[in-house]
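J.: Have a look at this one.
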DNA sequence: CCACGGATGCGCT
DNA sequence: GCGCATCCGTGGA
């Protein structure tokens, strides 16, 4: 049971490795007494070096501080009046993280529908800010540990076997710099992957 | 299915 | 003001 919980050493790797490894794992939140979960099907890595799109490139400030913290904590930031959720990776003091861009809903679908004000399963969690709303993630979760089962965490999924053919790397979505790096990972063909179909 | 434009709040110039 | 790791509704193929 608790052996499924992803531990700090899982996150103490490069953002690219962690982004790839997170595909197929299970994201869980238990907030306001409501538990929801989903399988991670899309991630993006934001690197410690040579990545102009990373929020860490300007050095630490109040907004991005948790990105410089120890691996296995959350980095939640606001954008366009919404929130996006990251897992911090790598070495403490150097900013790197993995953005969770989409999950496939598993438990708590009614709760997600209520929070999202939508019925359609496809629109509940297919996008970084959509899944934050469905999982009730916001700045209150910024900096919290993901390696205890407190409010938000990630688990290994025993039912999922990573078929290398189903894992695909593409360019990241929405970034205005470092566009050409292939740091987005998706489960090929999964209905809940965000963005245009031709990107994989 | 895809492209487009407007809305949204925050931090910085 | 403006940019932003976004979302949603609309309109056309």
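Readers should treat all values here as calculations from the given coordinates under stated rules, not as data from a laboratory. No experiment lies behind these values; they were computed from the predicted model shown. Cβ coordinates were reconstructed from backbone atoms using ideal geometry, including for glycine residues, and neighbour counts include every protein chain displayed.
J.: Give me the one-decimal nm value for the distance between modelled label points at residue A:32 and residue A:62, 7 Å along each residue's Cα-to-Cβ direction.
T.: So the label points at residue A:32 and residue A:62 sit 2.6 nm apart.
J.: Multiplying the sequence separation of residue A:150 and residue A:182 by 0.36 nm and subtracting their Cα-Cα distance, what value in nm do you get?
T.: 8.2 nm
J.: Here's another thing I want to ask about it. Please order A:83, A:75, A:11 by the number of other Cβ within 10 Å, starting at the fewest.
T.: A:83, A:11, A:75
J.: What is the fewest-to-most order of A:107, A:163, A:142 by other Cβ atoms lying within 10 Å of their Cβ?
T.: By the 10 Å Cβ count, ascending, the order reads A:163, A:107, A:142.
J.: By how many nm would the segment from residue A:139 to residue A:5 grow when fully extended, if each residue of separation counts as 0.36 nm and the alpha-carbon distance is taken off?
T.: Working it through step by step, the gained length comes to 46.0 nm.
J.: Which of the peptides A:16-22, A:43-49, A:30-36 is most tightly packed, and how do the rest follow, judged by the mean count of other Cβ atoms within 10 Å per residue?
T.: Final packing ranking: A:43-49, A:16-22, A:30-36.
J.: Separate question: In whole angstrom, how long is each semi-axis of the equivalent ellipsoid of segment A:147-200, when you take the square root of 5 times every eigenvalue of its Cα gyration tensor and sort them from largest down?
T.: Equivalent ellipsoid of segment A:147-200: 24, 17, 11 Å, largest first.
J.: Out of A:62, A:50, A:73, any idea which swings most in a Gaussian network model of chain A, alpha carbons joined below 10 Å?
T.: Looking only at A:62, A:50, A:73, the largest GNM fluctuation is found for A:62.
J.: Separate question: When a/c is below 1.5 the answer is rounded, else prolate if a/b is larger than b/c, else oblate, so apply that to segment A:90-200 with a ≥ b ≥ c taken from the square roots of the Cα gyration tensor eigenvalues.
T.: Note, shape of segment A:90-200 comes out rounded.
J.: Using a Förster radius of 22 Å, what is the FRET efficiency between residue A:80 and residue A:157 based on their Cβ-Cβ separation? Nearest 0.05, please.
T.: With R0 = 22 Å, the Cβ-Cβ based efficiency is 0.10.
J.: For residue A:94, project a label point 7 Å along Cα to C-beta. Then give me every residue of segment A:180-198 with its amide nitrogen under 15 Å of that point.
T.: none
J.: Taking 8 Å as the Cα distance limit and 6 or more residues as the minimum spacing, I'd like the relative contact order of segment A:2-195 as a percentage.
T.: 28 percent
J.: Taking Rh as the Kirkwood radius computed over C-alpha pairs, what is the Stokes-Einstein D of chain A at 20 °C in a medium of viscosity 1.002 mPa s, expressed in µm² per second?
T.: Using the Kirkwood radius from Cα pairs, D works out to 130 µm²/s.
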